[in-house]
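*Asks:* My questions all concern the structure below.
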Amino acid sequence: MSDEYAAVVYDLDGTLVTLAVNWDAVATDVIGVYDDAGIDATGAGLWSLLENAADHGIADRVEEAISRHEREGARRSRRCGLADELSTRTVPVGVCSLNCEAACRIALETHDLAEYVGATVGRDSVATHKPDPEPLLATVDALDADPENSLFVGDSPRDKETAERAGVDFEYV
């Protein structure tokens, strides 16, 4: 990668750090929130449960159940090798993640990366989440850059789709 871009935005989990989160336990806790509300969530995936929670009036409780695991996982996360390049960047750097913003900030602080990141946008920072382009565009905007002069670095097809929808170049880790 070169610094030919006006800004570089990174996904967090699997790109800069690996959160220590047991996603099966997260799903169990979220299903528990649904159960407590008298709603059958049998067979539903975690992200669909998150997306549908507002329809059932339990969005805040579902978000808290997920975020609690993510924050703890951020404290116990492992740093990825790519994180080392943040300190060498000569352009503004941001983080755009499907994890909650607090977990992103905890992970960045845990691994002494926060000082290199000018903008952090998590799942709960804006009204939508990846693959909707809004979080990435908000990150790019916070870095005072334009989408067409920015790069998004990620590790998943969802990240690539987000970049395409936002008009931002993409690079896989």
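*Asks:* For segment 162-173: of the residues being part of a loop (DSSP other than H, G, I, E, B) and at pLDDT 95 or above, which is nearest to Leu16 (Cα to Cα)? Before the answer, list the steps.
*Replies:* Of segment 162-173, the ones part of a loop (DSSP other than H, G, I, E, B) are 167-168, 173.
Then keep just the ones that are at pLDDT 95 or above; that gives 167-168.
Values: Gly167: 22, Val168: 19 Å.
That would be Val168.
*Asks:* Out of the residues in segment 32-61 that are of a type in the set (Val, Ile, Thr) and over 24 Å from the mean Cα position of the chain (by Cα), state the one that is surrounded by the fewest Cβ atoms within 10 Å (Cβ to Cβ). So that I can check it myself, show each step before the final result.
*Replies:* Taking segment 32-61 first, the residues of a type in the set (Val, Ile, Thr) are 33, 39, 42, 58.
Next cut, over 24 Å from the mean Cα position of the chain (by Cα) only: 39, 42.
Working: Ile39: 17, Thr42: 7.
In this case the residue turns out to be Thr42.
*Asks:* For segment 1-23, which positions are surrounded by fewer than 23 Cβ atoms within 10 Å (Cβ to Cβ) and either aliphatic (A, V, I, L, M) or modelled with pLDDT of 95 or more (or both)? Break it down stepwise before answering.
*Replies:* Let us first name the residues in segment 1-23 that are surrounded by fewer than 23 Cβ atoms within 10 Å (Cβ to Cβ), namely 1-6, 14-15, 18, 20-23.
Within segment 1-23, Met1, Tyr5, Ala6, Gly14, Thr15, Thr18, Ala20, Val21, Asn22, Trp23 meet the criteria.
*Asks:* Residues that are over 23 Å from Arg158 (Cα atoms), of a type in the set (S, T, N, Q) and outside any helix (DSSP H, G or I): does segment 36-46 have at least one?
*Replies:* Within segment 36-46, the subset over 23 Å from Arg158 (Cα atoms) is 36-42.
The next check asks that each one be of a type in the set (S, T, N, Q); those that pass are 42.
From the residues that got through so far, the ones that are outside any helix (DSSP H, G or I) too are 42.
Scanning segment 36-46 turns up at least one residue that is over 23 Å from Arg158 (Cα atoms), of a type in the set (S, T, N, Q) and outside any helix (DSSP H, G or I).
*Asks:* Being modelled with pLDDT of 95 or more, crowded, with 16+ Cβ neighbours inside 10 Å and either over 21 Å from Leu19 (Cα atoms) or of a type in the set (Asp, Glu) (or both) is true for just one of Asp159, Asp144. Which residue is that?
*Replies:* Details: Asp144 fails: crowded, with 16+ Cβ neighbours inside 10 Å.
The unique qualifying residue is Asp159.
*Asks:* Kindly indicate whether Asp132 is in a loop (DSSP other than H, G, I, E, B) and either within 26 Å of Asn22 (Cα to Cα) or among the acidic types (Asp, Glu) (or both).
*Replies:* Working: in a loop (DSSP other than H, G, I, E, B): yes; either within 26 Å of Asn22 (Cα to Cα) or among the acidic types (Asp, Glu) (or both): yes.
Spelling it out, Asp132 is indeed in a loop (DSSP other than H, G, I, E, B) and either within 26 Å of Asn22 (Cα to Cα) or among the acidic types (Asp, Glu) (or both).
*Asks:* Let me ask you something else. Within the group Val91, Val62, which residue is in contact with a strand residue (DSSP E or B) (Cβ under 7 Å, 6 or more places away or on another chain) and either at pLDDT 95 or above or farther than 18 Å from Ala25 by Cβ (or both)? Outline the logic, then answer.
*Replies:* Values: Val62 fails: in contact with a strand residue (DSSP E or B) (Cβ under 7 Å, 6 or more places away or on another chain).
The conditions single out Val91.
*Asks:* I've got another one for you. Report yes if Asp124 is among the acidic types (Asp, Glu) and at negative phi, otherwise no. Full working, then the answer.
*Replies:* Values: among the acidic types (Asp, Glu): yes; at negative phi: yes.
When the stated conditions are applied, Asp124 passes them.
*Asks:* Mind listing just one residue for me: the one in segment 116-146 that is over 12 Å from Ala7 (Cα atoms) and among the small types (Gly, Ala, Ser) and, of those, nearest to the chain's Cα centre (by Cα)?
*Replies:* Gly122
*Asks:* Considering each residue of segment 76-103, count those that are among the charged types (D, E, K, R) and closer than 16 Å to Val140 by Cα, and give that number.
*Replies:* Filtering segment 76-103 for residues among the charged types (D, E, K, R) gives 76, 78-79, 84-85, 89, 101.
With the extra rule that they be closer than 16 Å to Val140 by Cα, the set shrinks to 89, 101.
Residues in segment 76-103 being among the charged types (D, E, K, R) and closer than 16 Å to Val140 by Cα: 2 in total.
*Asks:* Still on this structure: Just give me the residues in segment 83-117 being assigned to a loop (DSSP other than H, G, I, E, B), without any contact (Cβ under 8 Å) to a residue 60 or more places away in the chain and within 20 Å of Lys130 (Cα to Cα), in sequence order. Before you say what the answer is, go through the steps one by one.
*Replies:* Pass one, segment 83-117, residues assigned to a loop (DSSP other than H, G, I, E, B): 89-92, 97-100, 111-113, 117.
Retained after the next criterion (residues that are without any contact (Cβ under 8 Å) to a residue 60 or more places away in the chain): 100, 112, 117.
Those that are assigned to a loop (DSSP other than H, G, I, E, B), without any contact (Cβ under 8 Å) to a residue 60 or more places away in the chain and within 20 Å of Lys130 (Cα to Cα): Cys100, Val117.
The values are calculated or read from the model by the stated rules, or taken from the named source; none is laboratory data. This one's a predicted model, so the numbers in the text were calculated from it and none came from an experiment. Virtual Cβ from ideal backbone geometry, glycine too; neighbours counted across all protein chains shown.
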